[in-house]
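To start, the structure under review is shown below, and the notes come after it.
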Amino acid sequence: MNNTILEIDNVQKSFGGLKALHDLNLKIEEGKVHAIIGPNGAGKSTMLNVCIGQLAPDSGTVTFNGENMIGKAPHEINQAGISRVFQTPEIFPDLSLLQNVMITAFATREGAFKMNLFRSLSNETEIEDEACQILTEIGLMGKQHSHAGSLSRGDKRRLELAMCLVQHPKLLLLDEPTAGMARHDTNKTIDLLMKIKEGGMTKIIIEHDMHVVFSVADHISVLAQGTIIASGTPDEIKGSPKVQEAYLGGAHL
Amino acid sequence: MKTPTIKQDMVVMLIFSAVILTMPVWLEPLGASYPDLLQKFAIFGIFAVGYNILFGLTGYLSFGHAAFLGIGSYTAVWSFKLLTMNILPALVFSVLLSGLFALLIGFITLRRSGIYFSILTLAFAQMSYNLAYSVLTPITNGETGLQLARDDARILDRLFSEAGEGLPSTDFFGFSMSGYSGFYICAVLLIIAFFISQRIFHSPFGTKLRAIKSNQTRMKYTGYNTKPYLLTAFVISGMYAGLAGGLMAATDPLAGAERMQWTASGEVVLMTILGGVGTLIGPMLGVGIIKYFENIFSALNEQALHQAYAFMPDWLATVMVTLTSPFVGEGWHLTLGALFVLIVIFLPGGIMEGMNLIKKRFSKKEAEPSPTEKATETGQ
Ligand SMILES: Nc1ncnc2c1ncn2[C@@H]1O[C@H](COP(=O)(O)OP(=O)(O)OP(=O)(O)O)[C@@H](O)[C@H]1O
Ligand SMILES: [Mg+2]
């Protein structure tokens, strides 16, 4: 029996009259890749927003590593060990790729605030090496000194993934990490995700691309209309008539 | 877009120091080498370089930094009155006190960002300005301004010598603050101020500030508490302003509330933008240009204009004088305003951006730069 690293308990969230999350319960096991699938507007991103402190739920709790996350500031939640790749890439467009990755690495090493006014960034070779290594793995090395803002959408997404990976989070939240990528890049991203899977990092991955979902997930939950309607291993989900009906519409998997 | 190495930074420092210290020489042909103006260059340089640490790195546009300038000036004059005419304690107190006020004001104003932050800082500065004229008159001496008097206490000076005839003058351990020695003292402080700003720009801290400017949301979800970063930048820039204010009083021991007026806050915004916000050297260029032309334009009057247009036919000269006279003398601020409009519309990156464009034009003739190179050049 594995440990539960994240537990979402009875979370409700409404926007006006719209119930975006409704009696949401979910347990994520440590070290597993947990995929969340569901139709557009099901509440997948909203669920992640609640987990990282971007949104306060109307009620319910989110427990990470035995600690309640509700009411904590976003930076405290990140420092606790949760990093997120957003659905629309959130990077630092005015900095170089290398600086983007180095900045995130500093956050993990130095904490939420550190006044190192007089060190030179160019002397931070240890962090720079680590950043370069990750950029190499993700295939962005060579562009490390260009503006992150000049990247294509797919490359921005990969950069954001690199920024999260360099933090070695306990829990990595991926909101459609391959959307907008060419097939070739999608495959590379899958390879990378498989590789870090062996590292034991827990991941929640939201994905519409079933090819990606079934290649990486240990466990799949189906979210529809703000609540989990089915949960199980990939095989169980494939075989579930309820899922076929609610989400996949009988499509072949 | 690489962060420069320490070696490259040192080369820049050497060149910068050389250029600043030789100002009396190379500004001679421009007629701008007299001490008063040179001191102004250096003092406003400190103000703008510090302001750029806040505005340039974090993007937070403060419209109230003149308040710290004023606080620095009042503090310095009080130090001259109570302690000693030596500028060292005066400057130390100016920097500390304005830093303290910046901490307080920053703590409140940084609760908001964008235009609301700007308005809050403006409101605070105008409050300080009004207080200086009203409730705080015992400290500021109201409209007359705070001045030295012969019977001031000057405790430290009295320990060593009797009060002399007439008003004493400011000095730094025997070096007078007037004339060229005054300029060199300001210049050395400017070089130190620039050095500190350069270190901050190229430190992890400075890069984090630029990251906040670039995407504060990302910063928060990356694990940073952005508020103390912003507050630190605010306090540092406030201390720079305090030092500049202290130096203004040190070169001319008089402090008035008009130093805190919004026009003074606006001027530093203008200098920074004109030169190139967020670049190391830009604000210094902005200061040089604005103070140089202020010096020329505000000295002009109608008579001088008539002389300047003397080569034209009479009727044309009259037309030209009528057209240009609103822009000179008292009208200098009109020129400044017009200049600002032109810069913001046509060259929002300031002179530094203009120079980059020219550089690119030239290098293009030799070789078409690749897209990555293009992206690299616009950095820093
Ligand atoms: N900040 C908000 N304010 C109002 N409504 C919102 C907000 N965020 C999300 N919603 C609504 O909540 C519902 C769930 O949105 P959410 O973004 O979580 O869906 P999703 O499952 O991520 O969909 P997609 O697959 O399209 O990304 C949608 O109907 C959306 O319009
Ligand atoms: Mg979504």
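Since every read-out is calculated from the coordinates, none of them should be taken as a lab result. Bear in mind the structure is a predicted one, so any value in this text is a computation, not a measurement. Cβ coordinates were reconstructed from backbone atoms using ideal geometry, including for glycine residues, and neighbour counts include every protein chain displayed.
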* Structure fact -> Simple spin-label estimate for B:I192/B:A308, 7 Å along Cα→Cβ, in nm, reads 3.9
* Structure fact -> Comparing A:D155, A:D175, A:D209 in a Gaussian network model of chain A (Cα, 10 Å), the one with the largest mean-square fluctuation is A:D209
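For the protein assembly as shown, just run the numbers: alpha carbon Rg, then divide by 2.2 N^0.38 Å, N being how many residues it has. Present the calculation step by step, with values, prior to reporting the outcome.
Working: Rg = 30.2 Å, N = 633, 2.2 N^0.38 = 25.5 Å.
Dividing the Cα radius of gyration by 2.2 N^0.38 Å gives 1.18.
Taking a quarter of the surface of the Cα convex hull of the stretch B:197-276, what do you get in nm²?
On the way: hull surface 27.0 nm².
Across all orientations, the stretch B:197-276 yields a mean hull projection of 6.7 nm².
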* Say we join alpha carbon atoms closer than 10 Å with springs in a Gaussian network model of chain B; which of B:Y229, B:Y184, B:Y129 then has the biggest fluctuation? -> B:Y229
* Using the alpha-carbon atoms, what tilt in degrees (0 to 90, nearest 10) does helix A:97-110 show relative to the longest principal axis of chain A? -> 80
* Asked: Straight-line reach from A:K203: which lysines have Cα under 22 Å away, leaving out those fewer than 8 places along the same chain?
  -> A:K27, A:K32, A:K44, A:K72, A:K156, A:K170, A:K188, A:K195, A:K238, B:K220
* In chain A, if every C-alpha pair distance is counted and binned at 5 Å from zero, what percent goes to each bin? -> 1, 6, 13, 17, 19, 16, 13, 8, 4, 2, 1, 0, 0
* Asked: How large are Rg and Dmax for the stretch B:65-109 when only the alpha carbon atoms are used, in Å?
  -> 11.0, 35
* Divide, for the stretch B:125-256, the radius of gyration over alpha carbons by 2.2 N^0.38 Å, where N is the residue count. => 1.46
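Taking 1 over the mean of 1/r across every pair of different Cα atoms in the stretch A:125-221, what Kirkwood radius in Å do you get? Walk me through the numbers on the way to the answer.
Working: mean 1/r = 0.0716 Å⁻¹.
Hydrodynamic radius (Kirkwood, Cα pairs) of the stretch A:125-221 is 14.0 Å.
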* Does anything in the stretch A:217-238 have its amide N under 19 Å from the 7 Å Cα→Cβ label point of A:M194, and if so which residues? -> A:217-220, A:234-235
* **D_trans [Stokes-Einstein, Kirkwood Rh over alpha-carbon pairs] for the stretch B:190-241, 25 °C, 0.890 mPa s, µm² s⁻¹** => 211
* To do: Could you please state, rounded to a whole Å, how far the C-alpha centre of the stretch B:51-113 is from the C-alpha centre of the stretch A:53-86?
  => 38
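Calculated FRET efficiency, B:L88 and B:I108, Cβ-Cβ r, R0 35 Å, to nearest 0.05?
Working: r = 32 Å, r/R0 = 0.90.
Efficiency for this residue pair is about 0.65.
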* Rule-of-thumb Rg ratio for the stretch A:1-67 [Cα; 2.2 N^0.38 Å; N residues] -> 1.12
* Taking Cα atoms, how many degrees apart are the long axis of helix A:125-138 and the longest axis of chain A, rounded to 10 and kept between 0 and 90? -> 50
* Ellipsoid equivalent to the stretch B:160-229 - semi-axes via the Cα gyration tensor, in Å -> 45, 14, 9
* Structure fact -> Residue-ordered couplings for the stretch B:226-243, obtained by feeding phi - 60° into the Karplus form 6.51 cos²θ - 1.76 cosθ + 1.60 and rounding to whole Hz (Gly and Pro as x), are 6, 4, x, 5, 5, 5, 4, 4, 5, 5, 4, 5, x, 5, 4, 4, x, 4
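Using a cut-off of 14 Å between beta-carbons, work out the net charge of the residues near B:S197 (Lys and Arg +1, Asp and Glu -1, B:S197 not included). Numbers along the way, then the final one.
On the way: positive: B:R199, B:R210; negative: B:D9.
Here the count lands on +1.
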* Rg to Rh, two decimals, where the stretch B:1-111 supplies the alpha carbon set and Rh follows Kirkwood -> 1.04
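Convex hull over the alpha-carbon atoms of the stretch B:6-262: what's its volume per residue in Å³? Walk me through the numbers on the way to the answer.
Numbers: hull volume 36.8 nm³, N = 257.
Measuring per residue, one finds 143 Å³ for the Cα hull of the stretch B:6-262.
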* Asked: Under a plain spin-label model, where a point goes 7 Å from the Cα along Cα-to-Cβ, how far apart in nm are A:H184 and B:E28?
  -> 6.5
* Taking amide hydrogens as modeled 1.01 Å from N in the peptide plane, which residues meet the under 5 Å criterion relative to A:A224, leaving out close sequence neighbours? -> A:I229
* Asked: Taking the C-alpha atoms of the stretch B:225-331, how large are the radius of gyration and the largest Cα-Cα span, Dmax, in Å?
  -> 19.4, 67
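Set the Förster radius R0 to 56 Å, insert the Cβ-Cβ distance between A:S14 and B:T144 as r into 1/(1 + (r/R0)^6), and round the FRET efficiency to 0.05. Write down the numbers at each step before the final one.
Details: r = 63 Å, r/R0 = 1.12.
Computed FRET efficiency for A:S14 and B:T144: 0.35.
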